[in-house]
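**Q** Shown below is the structure under consideration.
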Amino acid sequence: MASMMEVAEFTNAIETEDLWRVYKIGNDIEVPALRGLNIQIEPGHFVALKGRSGSGKTTLLNCLSGLDRPTSGVARVLGHDLSQLNDRQLTRWRREQLGFVFQSFGLLPTLSAYENVELMLRIKGVRARERHERAMYCLDLVGLHKWIDHRPYELSGGQQQRVAIARSLANQPLLVLADEPTGELDSETAREVLGLFQSIVYDEKITVLMASHDPLVDDYVDTILQLRDGQVAS
Ligand code: ADP
Ligand code: MG
């Protein structure tokens, strides 16, 4: 099994200091997507990152997961200053301590629900018996034990997103980042998924940061961070 990335000490699950991300298009066009962002998110909270399209939500999630490098400022996530990790260390850290959920589910179409979840554990190098137990635990958690052998196309949108949530939890992450996870769901199904996130945050004691512009989320989260033009709107 791959060696565990050190779990660092931290007060805030996420903190940023004067975080900027300026995209350069060609030689002379600059798009400042994040403009000096300062945020703190305590562990064990369910936090919504709100703001209209283009306000910088996805850019922020990418900087917090180390998929993108900020132009300047500090991003400290689960106690790690991400600028201090090289690309290989970031990849390993992501695999061991983060979970991801996307708008479009991102499931592999030829694999069953069970195999989609179990694959994450294979990638992490977990042994067979433990893989099975953990995959079943996560699929139970999202209420899909009857559907484990079904492929994505045999499942509803809500069920597919539940598989994706089970998959995001497989590696026992400390933090789950979700980008518009209810964007493709009708409002009733969106509420089910939001309720599921809410109970998982409490029961599994993890932190969830969820980008969304859906007004429904207000009923489920502990905290709302409102972005406007790459800054926290006050
Ligand atoms: P949101 O997720 O809130 O819709 P984004 O983070 O996707 O916002 O985008 C923030 C701003 O950055 C927008 O103006 C968008 O057009 C711009 N942007 C996002 N990604 C890129 C990119 N790869 N290159 C250039 N501009 C980008
Ligand atoms: Mg986005």
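**Q** Going out from 0 in 5 Å bins, what whole percent of all Cα-Cα distances in the range 1-148 drops into each bin?
**A** P(r) over the range 1-148, rounded to whole percents: 2, 8, 14, 17, 17, 16, 12, 8, 4, 1, 0, 0.
**Q** Now for a separate question. Could you state the accessible area per residue of the range 1-122 in Å², with a 1.4 Å probe and every protein chain left in place?
**A** Working: 6270 Å² over 122 residues.
Value for the range 1-122: 51 Å² per residue.
**Q** Which percent of Cα pairs goes in each bin when the distances of the range 22-94 are cut into 10 angstrom slices starting at zero?
**A** 16, 47, 32, 5, 0
**Q** Can I ask one more? Over the chain, with a Gaussian network built from C-alpha contacts below 10 Å, which listed residue (Glu204, Glu130, Glu118) shows the highest mean-square fluctuation?
**A** Glu130
**Q** Please report the carbon-and-sulfur percent of the accessible area for the chain; probe 1.4 Å, protein heavy atoms only, DNA, RNA and ligands left out. Intermediate results must be reported in sequence, preceding the final value.
**A** Details: 5490 of 11690 Å².
Roughly 47 percent of what the probe reaches on the chain is carbon or sulfur.
**Q** Based on the Cα coordinates of the range 1-58, what is the per residue volume of their convex hull in Å³? Display every interim value, and only then the final one.
**A** Working: hull volume 10.1 nm³, N = 58.
Measuring per residue, one finds 174 Å³ for the Cα hull of the range 1-58.
**Q** Right, next: List the lysines whose Cα sits under 25 Å from the Cα of Lys205, skipping any in the same chain fewer than 8 residues away.
**A** Lys50, Lys57, Lys124
**Q** List, in order, the whole-Hz ³J(HN,Hα) value for each residue of the range 144-156 obtained from phi through the Karplus relation with A = 6.51, B = -1.76, C = 1.60 and θ = phi - 60°; use x for Gly and Pro.
**A** 10, 4, 7, 10, 4, 8, 7, 7, x, 5, 8, 10, 6
**Q** Please give the FRET efficiency for Asp81 paired with Ile123, using the beta carbon to beta carbon distance and R0 = 22 Å, rounded to the nearest 0.05.
**A** Details: r = 25 Å, r/R0 = 1.15.
Efficiency, rounded to the nearest 0.05: 0.30.
The values are calculated or read from the model by the stated rules, or taken from the named source; none is laboratory data. All of these numbers come straight from a predicted model, not from anything done at the bench. For neighbour counting, all protein chains shown are included, and Cβ atoms are generated from backbone atoms with ideal geometry for every residue, glycine included. These accessible areas exclude ligands, DNA and RNA; they are computed on the full protein's heavy atoms, side chains included. Shrake-Rupley method; radii C 1.70, N 1.55, O 1.52, S 1.80 Å.
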